[in-house]
1. Check E11, E54, E31, E48 and return the single one that is of a type outside the set (S, T, Y) and without any contact (Cβ under 8 Å) to a residue 12 or more places away in the chain.
2. In the stretch 11-27, is there at least one residue being charged (D, E, K, R) and under 24 Å from I127 (Cβ atoms)?
3. Please verify whether A131 is outside any loop (DSSP other than H, G, I, E, B), within 19 Å of E11 (Cα to Cα), small (G, A, S) and modelled with pLDDT of 95 or more, treating the condition exactly as stated.
4. Kindly evaluate K73 against the criterion of being at pLDDT below 95 and under 18 Å from the mean Cα position of the chain (by Cα).
5. Scan the helices (runs of 4 or more DSSP H) fully inside the stretch 1-116 and keep the ones with 2 or more residues being more than 30 Å from D145 (Cα to Cα) and among the polar types (S, T, N, Q).
6. Return the residues of the stretch 96-145 that are over 19 Å from the mean Cα position of the chain (by Cα) and farther than 23 Å from L61 by Cα; say none if nothing qualifies.
Amino acid sequence: MKANVLKALNEQWNAEYYSAYLYMAMSAYAEQAGFKGAANWLFEQAREEAAHAEHIYEHILERGGTPAFSDIKSPPVKYKNLKDVFAKVAEHEKRVTGMIDAIANLAQDERDHATYNFIMWFVDEQIEEVADAEDLLGKVTLIGDNPGALLSLDATLAQRKFKNPFHKD
């Protein structure tokens, strides 16, 4: 694997752990604000992001690369409300999509077919991530301050359970 592809993958696996931290911070906010369902959804999202990081880490090792460990910055912990949380989720997922797309472009430019094939799973996954984030933002925006609708959405969000697609258990 070329050094620039390895560098990009190392940056991405560390960024995925930041994503996990971010969603855990958001989950804590939601829990403390009384939205246990949203807290669950966000915590399950954190678990998903950690699984993404581990999968990239494994790819680096399988390709003979050396994983680079970086500091993970602290995420924000204060939010105005649930709408603010999901606005930041949508914004974050769009930023991650740009990072994944850049790796796909780099792998293609470098003719690193193994990494290109590997990263295309993440390209597809980001379509779903952004769509889910925008859907949730749209719902909390539509709901506004309607307590009954917020409770209903919160109950729906409580149903989410992450299943790691990279493990066969």
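1. Answer to the check: E31.
2. yes
3. Judged against the criteria, A131 is not a match.
4. So K73 passes the test.
5. Qualifying helices (runs of 4 or more DSSP H): 3-32, 82-109.
6. K139, V140, T141, L142, I143, G144, D145
The values are calculated or read from the model by the stated rules, or taken from the named source; none is laboratory data. What you are looking at is a predicted structure, and each value in this text was computed from that prediction instead of being measured. Methodologically, a virtual Cβ is constructed for each residue, glycine included, from the backbone with ideal geometry; neighbour enumeration extends over all protein chains shown.
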